[in-house]
1. Within the set of pairs 6+ apart or on separate chains, which have a first residue in the stretch 161-176 that is over 12 Å from Arg194 (Cβ atoms), a second that is at pLDDT 95 or above and exposed (fewer than 14 other Cβ atoms within 10 Å of the Cβ), and C-beta atoms under 9 Å apart?
2. Would a scan of the stretch 86-95 turn up a residue that is touching a residue at least 40 places away in the same chain (Cβ under 8 Å), under 18 Å from Ala152 (Cβ atoms) and of a type outside the set (Ser, Thr, Tyr)?
3. Can you tell me which residues in the stretch 72-96 are assigned to a helix (DSSP H, G or I) and surrounded by fewer than 24 Cβ atoms within 10 Å (Cβ to Cβ)?
4. Take the stretch 178-198 and flag every residue that is over 19 Å from Asp146 (Cα atoms), among the hydrophobic types (A, V, I, L, M, F, W, C) and part of a strand (DSSP E or B).
5. Would you say Arg140 is touching a residue at least 24 places away in the same chain (Cβ under 8 Å), touching an Asp or Glu at 6+ places or on another chain (Cβ under 8 Å) and over 18 Å from Lys45 (Cα atoms)?
6. Looking at the stretch 25-43, can you tell me whether even one residue there is among the small types (Gly, Ala, Ser), modelled with pLDDT of 70 or more and part of a loop (DSSP other than H, G, I, E, B)?
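The values are calculated or read from the model by the stated rules, or taken from the named source; none is laboratory data. None of these values were measured; they are calculated from a predicted model. Heads up, the Cβs are rebuilt from the backbone with ideal geometry, glycines too, and the neighbour counts pull from every protein chain shown.
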Amino acid sequence: MSGITLGDRPSPQGPGGIGLFLRRWLANPLQMGSVVPSSPALGKKVAALVARGPEEVVVELGAGTGAISRALLAGGVPPERLVVVEIVPEMARHLSRALPGVTVIEGDAFALAEALPAALHGRIGTAICGIPLVLLPIARQRAFVDAVEAVAPGRGFLLYTYCVTSPLPWKALGLTARREAFTPLNLPPASVWRYRRDDAARHATPVQG
């Protein structure tokens with residue numbers, strides 16, 4: 001069962017955040033995807049692509065130590081409208097301390113219908129993925145797409161990645177794909193892709209942003 005905590009008290013990230021990131025990367029590189037946290041430059045690119053209605057929330061999946069989360073807050077997402085889902089208990093606890101007012105859920109991004117409260121289903125303006133989906137078999141990638149579709153039908157998701165080309169086989173997954181942003185200032189350089197489920201995706205050509 002998912003644990004839900006509210007980051008209701010400020011706590012500076014400090015060096016502990018970096019140390020926690022490195023420990024988790026060493027313990028399970030497939031969960032982290034990079035040996036360093038995302039840069040402010042990448043965070044600004046992601047934040048600029050966020051859209052949500054007045055009653056909608058932004059959901060971040062696989063937040064790590066919260067680098068992108070802080071960029072979303074700095075970019076104008078109110079803390080009460082940001083929901084972070086993190087499967088690693090230690091990192092979820094860190095995020096709940098480091099992100100005052102943000103809802104942090106200790107849960108599985110591949111089971112969002114169970115992880116997110118029912119009241120949030122259908123109220124997600126933008127879903128953002130920091131999970132290295134490129135490293136997973138297509139069956140798991142398809143499970144992730146299905147999980148997002150179950151709670152945010154038709155909205156798709158943003159995926160930031162260090163791949164030069166699309167990290168997902170979008171045609172095989174029945175998606176449309178568009179690279180929305182690129183930043184060489186991240187280490188390594190990163191792109192932000194937008195994916196949506198669309199039957200016409202089988203005949204579409206991805207557009208490089």
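1. What qualifies is Pro169/Ile138; Ala172/Ile138; Leu173/Ile138.
2. Scanning the stretch 86-95, I find no residue that is touching a residue at least 40 places away in the same chain (Cβ under 8 Å), under 18 Å from Ala152 (Cβ atoms) and of a type outside the set (Ser, Thr, Tyr), so the answer is no.
3. Scanning the stretch 72-96 gives Leu73, Ala74, Pro79, Glu80, Arg81, Pro89, Glu90, Ala92, Arg93.
4. Ala181, Phe182, Ala190, Val192
5. No.
6. yes
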